[in-house]
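> Dropping a structure here in structure tokens format, bear with me for questions.
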Amino acid sequence: MKTLVVAATKAEVTFFYQHFNLPEGDFIESKNFDLLITGVGMVATAFSLGQHLSPNKYNLVVNLGIAGCFNRKIELGSLLNINEDIFAELGAENGDEFLTITDLGFGENRFKPKNKRTVNLPAVTGITVNCVTGSEKSINNLKKRLNPTTESMEGAAVFFACKQQNIDCLQIRSVSNYVEPRNKENWKLGLAIKNLNDWAIAFISEMN
Ligand SMILES: O=C(O)c1cccc(C(=O)CC[C@H]2O[C@@H](n3cnc4c(=O)[nH]cnc43)[C@H](O)[C@@H]2O)c1
């Protein structure tokens with residue numbers, strides 16, 4: 001049984017590729033782990049995992065990525081263990097009220113992954129969105145409704161797929177930006193990606 005490492009973009013795992021001398025490609029099989037680049041967003045992620053995730057082959061999925069953070073006390077570049085993730089937009093508006101897919105009786109919007117491993121990083125709740133949050137009104141609504149620490153565009157889709165296949169899952173995110181009206185100059189992409197890759201290289205190396 002192997003570990004499947006999952007990221008949305010190659011850029012987020014660039015040093016991981018270099019360290020393990022991995023060939024170009026979106027699905028790379030190696031002796032001790034496989035690596036899958038899904039593309040950005042929950043649809044691309046679900047499709048890609050639908051193609052590659054098999055319980056006969058994998059006993060652990062490690063989802064790696066950068067994320068936006070709602071909490072300004074958490075420094076940019078910090079690593080977080082997302083141990084709960086929520087599809088934030090999946091549901092229905094009823095005037096100013098939001099009804100989740102659970103309220104509507106159509107399933108779950110909130111996922112806690114099955115995971116036997118302990119990871120020495122702060123554990124937080126994330127949300128998963130199709131549209132990166134970028135207005136004070138949306139930020140306040142999300143904080144009030146879900147009280148999230150981070151925001152990504154894939155996390156809950158990975159947890160969903162792992163739950164469907166009964167596979168353990170870790171989601172490790174590095175904070176690249178605060179959730180705010182969009183200003184890419186404020187992002188610390190390089191730092192976030194470096195810290196994420198250092199963690200991932202150490203984790204995979206120690207496992208094998
Ligand atoms: O512009 C670049 O050079 C660059 C390099 C690597 C990655 C990116 C991305 O934009 C990755 C998109 C990825 O990041 C997650 N993300 C990051 N911040 C947020 C956010 O505030 N809200 C939602 N998602 C965020 C997301 O999971 C995307 O897949 C650019």
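> For a paramagnetic label modelled at 7 Å from the Cα of VAL119 toward its Cβ, which residues of region 8-23 fall within the zone defined by backbone nitrogen distances under 15 Å?
Of the residues in region 8-23, 8, 13 have backbone N under 15 Å from the label point off VAL119.
> Still on this structure: Tell me, for the chain, which Cys residues have no other cysteine's C-beta sitting closer than 4.7 Å.
Here CYS69, CYS131 come out as lacking a disulfide-compatible partner, given the Cβ-Cβ threshold of under 4.7 Å.
> Right, here's the next one. Using the Cα gyration tensor of region 43-124, with a ≥ b ≥ c the square roots of its eigenvalues, what is the shape: rounded (a/c below 1.5), prolate (a/b larger than b/c) or oblate (neither)?
oblate
> So if I take the centroid of the Cα atoms in region 54-92 and the same for region 127-147, what is the distance between those two points in Å?
Their Cα centres are 15 Å away from one another.
> Something else now. Lys/Arg Cβ at +1, Asp/Glu Cβ at -1, dipole of the chain taken about the Cα centre: which of ALA192, ILE37, THR102 is farthest positive-ward?
ALA192
> In degrees from 0 to 90, rounded to the nearest 10, what is the angle of the helix 136-146 Cα long axis to the longest principal axis of the chain?
Approximately 80 degrees, to the nearest ten.
> For the chain, what does the equivalent ellipsoid look like in terms of its semi-axes, each the square root of 5 times an eigenvalue of the Cα gyration tensor, given largest first in whole Å?
Gyration-tensor ellipsoid for the chain: 27, 21, 14 Å.
> Still on this model: Once you mark the trypsin sites (Lys or Arg not before Pro) that are in a DSSP loop and have at most 14 other Cβ atoms within 10 Å, what is the longest gap between them in the chain?
Result for the longest clean stretch: 118-181.
> Given axes a ≥ b ≥ c from the Cα gyration tensor, I'd like to know whether region 1-49 is rounded (a/c under 1.5), prolate (a/b larger than b/c) or oblate.
It is oblate, given that a/c is not under 1.5 and a/b is not larger than b/c.
> Another one. Taking the Cα atoms only, what angle lies between the long axis of helix 42-52 and the longest principal axis of the chain, rounded to 10 degrees?
Approximately 30 degrees, to the nearest ten.
Rule-based calculations on the coordinates, nothing more; no lab input. Bear in mind the structure is a predicted one, so any value in this text is a computation, not a measurement. Neighbour counts run over all protein chains shown; Cβ positions are idealised from the backbone, glycine included.
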